[in-house]
Amino acid sequence: MEKAFTKKDMVLFFIISLLFFISVSAFDPFISTYAKELGINSIVIGSIIGVTGLASLFTRFPIGIVSDALNKRRIFLQIGLVITAVTWTLAFIAPNSTTLYLGKISDGLTSSTWVIYNVMFASFFGRKEAAKAVAILSVASPAGSLLGSTIGGLIANSYGYQYSFLVAVVAAVTALMLTFFIKEKSVDLKEKYDKKIFVEQVTDRKIWLIAILATIAIMVPFGTRDTFTPLVAKDLGANAIAISWLSNTHLIVYGLAAALCGNFFYKKLGIINTAITGATLQGIIAIVIPYAPNLPTLFVLQAVAGFAFGLIFTVVTSLSVHNIPENKQSTRMGLFQSIYSAGIFFGPVMMGVLTESFSRQTGFLIIGVISLISVIFIKLNLGTNIGIDSFREPRSKLEEITE
């Protein structure tokens, strides 16, 4: 018998999602500084930070496959949260390069379970509404990351950098306890997972096209917001607090844009034009950022960059599960997230090579141009090859929970 999902179930799941992001972001602004204080050299620090993406790259897709094969979702959420709580407790008790490595690897493993969060939340709605459901859940990423960095910053400032690890531990344990109260939708036996699902998803050019667009979209913030935009800010006289809030500005506006996609931009602009607007703005802003004359201008540009990323990334994430049967969604979302994880590596690496070989302005120019070029592919491929239905639908329970 089908379980009935209520607004309370959806709100509870959203809270768990917020705690998930707090658990993997509370220490991020301070990890490299703390590692320096421990006497860890720069090469090791870079590899510690990068290992998160590497772990995520190789585990996102398998987790989706196994989840679909076992027809289990919640257990993967719980395993990820336990891993986070254990490893960051170890890092707090015995801080060194090894425990920091383990902590960041656990972040990659735990982050890989985000595919399950998306699929479970989408299952609260009908197949036709999965894209909008994912758009709503996309708000949890910037909101949770903002809460995590803010709370972690307050704790670190008062007690020391390593105490931000405990913020992650508390968030993970709290989320773990709440997971025992969420409902899990079962898939009919006749729809059970088989190997054909794997082959079908891997050979589906639609998901590859969407994931490549997501890779380009996510390259920009990881190559600029998280790496070289802070250097622009420093050259303009920004202190640590200003640099921290420069990142938060991007997250806040990104969250706002993601929240407005499902029930505003998709209806007013259409999903294709929403994507085009986001990719275009993101490209233009990336090109302009290194020429910002002062900090106020840079903050405005960063806000627009966050807004643009919120539009384009929410669209491609929504499309990844649009009109896909529930027993195939984890595999598809896992493949999607594995592919775009490459952008998390490629963006910073490309920016570093271009900056070292030519100039910082050249790096921003190239990454901006790549985003602009992606607009052509969006225009030529999404509408005709993805098969997007209209998002101008009658009032539904999806709209009810956003009121």
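FYI, it's all coordinate maths here, none of it is from the lab. Quantities reported herein were computed from a predicted structural model and do not represent experimental measurements. Note that each Cβ is placed from the backbone with ideal geometry, even for glycine, and that neighbours are counted across all protein chains shown.
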Response to the item:
Under the rule rounded for a/c under 1.5, else prolate if a/b exceeds b/c, else oblate, using alpha carbon gyration tensor axes a ≥ b ≥ c, the stretch 332-372 is classed as oblate
Discussion item. Check which residues have an amide H placed less than 5 Å from ASN96's amide H, if you skip close sequence neighbours.
Written reply: none
Worksheet, complete the sentence: Toy charge model, Lys and Arg Cβ at +1, Asp and Glu Cβ at -1: the stretch 1-179 dipole around Cα centroid in debye, rounded to 20, equals 480 debye
Worksheet item: In Å, the Kirkwood hydrodynamic radius of the stretch 194-390 over pairs of distinct alpha carbons?
Response: 17.2 Å
Response to the item:
Here the relative contact order (percent) of the stretch 194-390, from C-alpha pairs under 8 Å and at least 6 apart, is 38 percent
Worksheet item: In what sequence, highest mean first, do 103-116, 142-155 appear when ranked by Cβ atoms within 10 angstrom?
Response: 103-116, 142-155
Worksheet entry | For the stretch 207-263: rounded, prolate or oblate by the Cα gyration tensor [a/c cutoff 1.5] | oblate
Worksheet entry | Out-of-range pairs (alpha-carbon distance over 20 Å; input LYS195/LYS328; LYS7/LYS267; LYS268/LYS379; LYS206/LYS268; LYS206/LYS379; LYS7/LYS268) | LYS7/LYS267; LYS206/LYS268; LYS7/LYS268
Worksheet, complete the sentence: If unit charges are put on Cβ atoms (+1 for Lys and Arg, -1 for Asp and Glu) and the dipole of the stretch 194-390 is taken about its Cα centre, the option from PHE264, GLY237, THR249 lying farthest towards the positive end turns out to be PHE264
Discussion item. With θ taken as phi - 60° and the coefficients 6.51, -1.76 and 1.60, list the Karplus ³J(HN,Hα) couplings across the stretch 311-318 in order, rounded to whole Hz; mark glycine and proline as x.
Written reply: 5, 5, 6, 5, 4, 5, 5, 4
Fill in: Rounded, prolate or oblate (a/c below 1.5 giving rounded, otherwise prolate when a/b exceeds b/c) for the stretch 268-362 by Cα gyration tensor
oblate
Worksheet, complete the sentence: the stretch 1-179: relative contact order from alpha carbon pairs under 8 Å, six or more residues apart, as a whole percent, is 44 percent
Item to complete: Go ahead and run the numbers for FRET between LYS8 and GLU356, Cβ-Cβ distance against an R0 of 45 Å, rounding to 0.05.
Response: 0.30
